[in-house]
1. Give the residue, chosen from 301, 278, that is small (Gly, Ala, Ser) and within 12 Å of residue 221 (Cβ to Cβ).
2. In region 225-266, which residues are at pLDDT below 95 and touching a Gly at 6+ places or on another chain (Cβ under 6 Å)?
3. From the list 270, 257, which residue is within 26 Å of residue 176 (Cα to Cα) and either assigned by TED's automatic domain parsing to the domain that holds residue 177 or of a type in the set (S, T, N, Q) (or both)?
4. Given 109, 68, 73, which one is of a type outside the set (Gly, Ala, Ser), out of contact with any Gly (no Cβ under 8 Å at 6 or more places or on another chain) and either crowded, with 17+ Cβ neighbours inside 10 Å or in contact (Cβ under 8 Å) with a residue 60 or more places away in the chain (or both)?
5. Does at least one position in region 39-59 carry a residue that is within 27 Å of residue 163 (Cα to Cα), modelled with pLDDT of 80 or more, of a type in the set (Gly, Ala, Ser) and part of a helix (DSSP H, G or I)?
6. Taking the residues in region 162-179 that are in contact (Cβ under 8 Å) with a residue 12 or more places away in the chain and within 13 Å of the chain's Cα centre (by Cα) as candidates, determine which candidate is surrounded by the most Cβ atoms within 10 Å (Cβ to Cβ).
Amino acid sequence: MNTGYQNQIWKNTDTPPGIEDGSLIGRYWGVWALSIELCYRKHTDYMSKGNYYKILGISTAATPGEIKAAYRKLASKHHPDRNQDDKDATKIMQEINEAYEVLSDPEKKRFHDLYGADWESHFKWRKSEKSNGYKGEGLRGFDYHFTIKLSIKEAAKEHYRSFTVEGKNVFVKIPVGVEAYSYLTYFGLGGRGMNGGPNGNLIVNIAIAPEHGWRLVGKDIYATASIDLYIALLGGEIVVDTIAGKVKLKIPAETQNGKVMRLRRKGFPNYKDVGPRGDFYITLSVKLPTKLTVKDKQLFGQLARRRHKS
C-alpha cells in the first residue's frame, strides 16, 4: 500500500473524492477509515494540548474517584477568586473544568483515550452518524498488554493476578506451569468495544526470574546444597527445598564434592500440570570444617597418616 495514501487515510476520515458522503459506500468508507486509524494510532501519544490526564495530573488508569479528587484539589488551588493577580487563572481554570467534564463522562473519556487531542471531532462525527439513524459497524476495543515477572515457585503454581484496564480491576487466573516468554490471552477482558463492537483482549506476557539458588532448564530445575565433611564421609540425610516442598535426601557415604543427585518428578510442571513434571537436580558442595581445635587437628593427622600407610 502506498505509504502517503495510507497516512492520509488514518489521519483523515473524510470521504475521498468521487464518493458521495450520504451514499452507502461513503458511510462504510468512514467506518473503514476509522478502523484503519485505530490500528495505526497509539492511543497514548497525546499532544500536550487536550491531554486531560496531564492537566489533572493523574494517570490513564485513574479511577472515577481519583479523577474527582484531582479536579477538586486543582479547582481549589487555581480558582480565579483566589488568584486575582494571575491573569492566566481564568484560562487555567477553564482547562481544568474541561478536563474534568470529559474524563468524568465515560463516553467522552473513551474517545479521548482513543484519539487524544483530536477526540472531539471524532466524538461529534459519531454522534452525527447516530442522529442520522446510521448505526455503522461496531469497533473492536483495544488489546491491553501487560508483563508479569514470576519466580520459579510462582510460575509452578496456579494463582490469580489483578490488572487495571480502563480504570477497572480485572482478576485473571495464571495457570500452573506457564513458561518464560510465553503469553496468555484472556478474550474480551481488554478495552471496551464501541458502537456495539466486541471488547478487546487482555494479553499477559510471562517472564520468569531466577529463584535464589535455582536454575530452570526446560522442565528441570538445578540447585546446589551444602553438606558437611562428616555427612560426605559417613553418609546421612539432608532436607532440600523443592517445588513440591521440603524433601529428605539421603546422602551415601564417601560422597565426592560436586556430585549431582536427582529427585525424579520433583521439577517444574507442564502447562496446567498435564503430563509428568521435570526432575530436580542437586549439586552437592562439601563444606570443610573451620576453627579446628588442637585435638581436631591431631585426629585428622592420625587419619591422614593411617590413609597414607594403607
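1. Working: 301 fails: within 12 Å of residue 221 (Cβ to Cβ).
Among 301, 278, only 278 is small (Gly, Ala, Ser) and within 12 Å of residue 221 (Cβ to Cβ).
2. none
3. The conditions single out 270.
4. 109
5. No - not one qualifying residue is present in region 39-59.
6. Within region 162-179, the subset in contact (Cβ under 8 Å) with a residue 12 or more places away in the chain is 163-167, 170, 172-179.
Then drop every residue that is not within 13 Å of the chain's Cα centre (by Cα), which leaves 163-165, 170, 172, 174.
Working: 163: 18, 164: 15, 165: 20, 170: 16, 172: 15, 174: 18.
For region 162-179, the residue satisfying everything is 165.
Residue-wise test of (1) closer than 30 Å to residue 187 by Cα; (2) exposed (fewer than 14 other Cβ atoms within 10 Å of the Cβ); (3) among the basic types (Lys, Arg); (4) touching a Phe, Trp or Tyr at 6+ places or on another chain (Cβ under 6 Å).
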residue	(1), (2), (3), (4)
202	yes, no, no, yes
224	no, no, no, no
231	no, no, no, no
238	no, no, no, no
247	no, no, no, no
261	no, no, no, no
272	yes, yes, yes, no
283	no, yes, no, no
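The values are calculated or read from the model by the stated rules, or taken from the named source; none is laboratory data. No experiment lies behind these values; they were computed from the predicted model shown. All Cβ positions, glycine included, derive from the backbone under ideal geometry; neighbour counts span all protein chains shown.
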